[in-house]
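Trainee: Below: one structure in structure tokens.
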Amino acid sequence: MEHKNLNNVQKLTISGIVIALYVVILFMTQSFSFGAYQIRIVTTMYALSYLFPFLVIPLGLANFIANMIGGLGLVDMVGGCIVGIVTSFLIVLIRKFHLNRALIFFPIMLVPGLGVALWLSPLLNFPYPALAVNLCIGQSVPAVCGVILTKVLERVFRNGNIIMTRSETNE
């Protein structure tokens, strides 16, 4: 399924589903998704922008909404939104410039790890370098999962296990 073959309603539907899944997954994993040391499994979903570039803004919006659940207020919500957009956009660039898929690992680990520490450090009164290292370590798990997710989904789409033909989309 190529994102170019999707009409606007399908893109909007996929975006809504991704946002909902992001919020639900974060809610279910909130016990280890917030704080100075976090493993935010849900950031694996940023990798979806590799296959569906139109998800850049929805993934940022999903982070904004999710930070309403357990985040640290407006700074965390806006900062998380920006981090989500930047991370997803860098992943889109990896695909656009035909770089090795394994490079998806770095935006998912480094942008949230280094970016979120910018505002969490003063909010939690924790030194930036130590916090950034903690966050990057925690982000390494979803970063690996993101690389695997794109590889699996691309294989599923390529093998025709999920096919949407033009005639199906117009019904």
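The values are calculated or read from the model by the stated rules, or taken from the named source; none is laboratory data. Please read these numbers as outputs of a predicted model, since none were measured by experiment. Here the Cβ positions follow ideal geometry from the backbone for every residue, glycine too, while neighbour counts run over all protein chains shown. For accessibility, only protein heavy atoms count, side chains too; no ligands or nucleic acids. Shrake-Rupley method; radii C 1.70, N 1.55, O 1.52, S 1.80 Å.
Trainee: Measuring from label point to label point, each 7 Å out along Cα→Cβ, what is the Val141 to His98 span in nm?
Mentor: Those two pseudo-labels are separated by 3.7 nm.
Trainee: Projected onto the charge dipole of the chain (+1 at Lys/Arg Cβ, -1 at Asp/Glu Cβ, origin at the Cα centre), which of Pro142, Val116, Leu99 gives the Cα projection farthest towards the positive end?
Mentor: The residue sitting farthest along the positive end of the dipole is Leu99.
Trainee: Using only Cα atoms, what Kirkwood radius does the chain have, in angstroms?
Mentor: For the chain, inverting the mean 1/r across all distinct Cα pairs yields 16.3 Å.
Trainee: Right, another one. Find, among the chymotrypsin sites (Phe, Trp or Tyr not before Pro) in segment 36-111, those assigned to loop by DSSP (not H, G, I, E, B) with at most 14 other beta-carbon atoms within 10 angstrom.
Mentor: Those satisfying the criteria are Tyr37, Phe97.
Trainee: Taking 8 Å as the Cα distance limit and 6 or more residues as the minimum spacing, I'd like the relative contact order of the chain as a percentage.
Mentor: About 27 percent, as a whole number.
Trainee: Continuing with this model, one more query. Keeping the other protein chains in place, figure out the carbon and sulfur percent of the accessible area of segment 6-46, with a 1.4 Å probe.
Mentor: Ligands and nucleic acids excluded, carbon and sulfur reach 77 percent.
Trainee: Roughly how many Å is it from the Cα centre of segment 4-58 to that of segment 85-143, as a whole number?
Mentor: First find each Cα centre; the distance between them is then 15 Å.
Trainee: For the chain, with only Lys/Arg (+1) and Asp/Glu (-1) charged at the beta-carbon, what is the dipole magnitude about the Cα centre, in debye rounded to 20?
Mentor: 400 debye
Trainee: 222 nm [θ] for the chain, helices only, -39500 (n - 2.57) per DSSP H run of 4+, per residue, to 500?
Mentor: Theoretical 222 nm ellipticity from helices: -23000 deg cm²/dmol.
Trainee: Measure nothing fancy, just the Cα-based angle from helix 128-158's long axis to the longest principal axis of the chain, in degrees from 0 to 90, nearest 10.
Mentor: That helix lies at roughly 10 degrees to the long axis.
Trainee: Here's something else I'd like to know. By how many degrees, between 0 and 90 and to the nearest 10, does the Cα long axis of helix 56-70 differ from the longest principal axis of the chain?
Mentor: For 56-70 against the chain, the angle is about 40 degrees.
Trainee: Per residue, how much accessible surface does the chain expose to a 1.4 Å probe? Answer in Å², no decimals.
Mentor: Accessible surface, normalised per residue, equals 51 Å².
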